[in-house]
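Novice: Right, I'll just put the structure down here and ask away after.
The values are calculated or read from the model by the stated rules, or taken from the named source; none is laboratory data. These numbers come from a predicted model, not from an experiment. All Cβ positions, even for glycine, are placed from backbone atoms using ideal geometry, and neighbour counts span all protein chains on display.
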């Protein structure tokens, strides 16, 4: 990230310190704080406005130094889990989010947003999903009927690319078009006691849009 800190280093240490989070905001803040501890030359800013075609969107986290930047979007989707974890120990009571179809949609939208945000040669992107819901990383059972989020599935081994249509295109506002091709590789994050205690994450890396003629130049370039 920002050309300095490998994601694997952050995730490994974060999983040791914080095997579970209270909320998505907790996840974002803990990630940013640890990144700063690992490399004081990398700065982090939360909820950074990104302007595109007279519209403002907000990026979860921008990590930057003088010559490189990484835009990061987070998703933290949970099923119900209650327990104690961490050092010092903390009590957690995670809520169950039932709408896995919307979780998939919003993650794909994050990737599309990062493709818009990474329109400068010194800025790449990273979309991270952390979850204890196996339905997200598991392939659908054979013979399962059509679902409205079929093209947005993000299970292990899936490849996301091109135009993805919601409900076979019957609801156009949810259509997403990706310029890149992204293979999904889910990795272990933490293992806690009890049902719902297994957490995994998937990370999608988005490259700068070097072929975009309208992309702004990096600082110092003309």
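Novice: Pull up the stretch 93-107, narrow it to residues that are in contact with a strand residue (DSSP E or B) (Cβ under 7 Å, 6 or more places away or on another chain) and buried (at least 18 other Cβ atoms within 10 Å of the Cβ), then point me to the one that is farthest from residue 167 (Cα to Cα).
Specialist: Let us first name the residues in the stretch 93-107 that are in contact with a strand residue (DSSP E or B) (Cβ under 7 Å, 6 or more places away or on another chain), namely 93-94, 97, 103, 106-107.
Retained after the next criterion (residues that are buried (at least 18 other Cβ atoms within 10 Å of the Cβ)): 94, 103, 107.
Working: 94: 30, 103: 15, 107: 17 Å.
Residue satisfying both the conditions and the ranking: 94.
Novice: Does residue 84 satisfy being outside any loop (DSSP other than H, G, I, E, B) and modelled with pLDDT of 95 or more?
Specialist: Yes; evaluated as a whole, the condition is true for this residue.
Novice: Here's another thing I want to ask about it. For the stretch 1-49, give me the residue count where each residue is under 23 Å from residue 196 (Cα atoms), touching a helix residue (DSSP H, G or I) at 6+ places or on another chain (Cβ under 9 Å) and free of Cβ contacts under 8 Å to residues at least 12 places away in the same chain.
Specialist: 0
Novice: Restricting to the stretch 35-60, name every residue that is within 17 Å of the chain's Cα centre (by Cα), surrounded by 14 or more Cβ atoms within 10 Å (Cβ to Cβ) and closer than 17 Å to residue 3 by Cα.
Specialist: 35, 44
Results for (1) in contact with a strand residue (DSSP E or B) (Cβ under 7 Å, 6 or more places away or on another chain); (2) in a strand (DSSP E or B), shown as yes or no for each residue.
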{"residue": "36", "(1), (2)": "yes, no"}
{"residue": "40", "(1), (2)": "no, no"}
{"residue": "44", "(1), (2)": "yes, yes"}
{"residue": "48", "(1), (2)": "yes, yes"}
{"residue": "56", "(1), (2)": "yes, yes"}
{"residue": "59", "(1), (2)": "yes, yes"}
{"residue": "62", "(1), (2)": "yes, yes"}
{"residue": "74", "(1), (2)": "yes, yes"}
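Novice: A follow-up question, please. Could you tell me whether any residue of the stretch 171-184 is out of contact with any strand residue (DSSP E or B) (no Cβ under 7 Å at 6 or more places or on another chain), modelled with pLDDT of 95 or more and buried (at least 18 other Cβ atoms within 10 Å of the Cβ)?
Specialist: yes
Novice: If you check residue 117 against the conditions, is it under 28 Å from residue 43 (Cα atoms) and touching a strand residue (DSSP E or B) at 6+ places or on another chain (Cβ under 9 Å)?
Specialist: Yes, satisfied.
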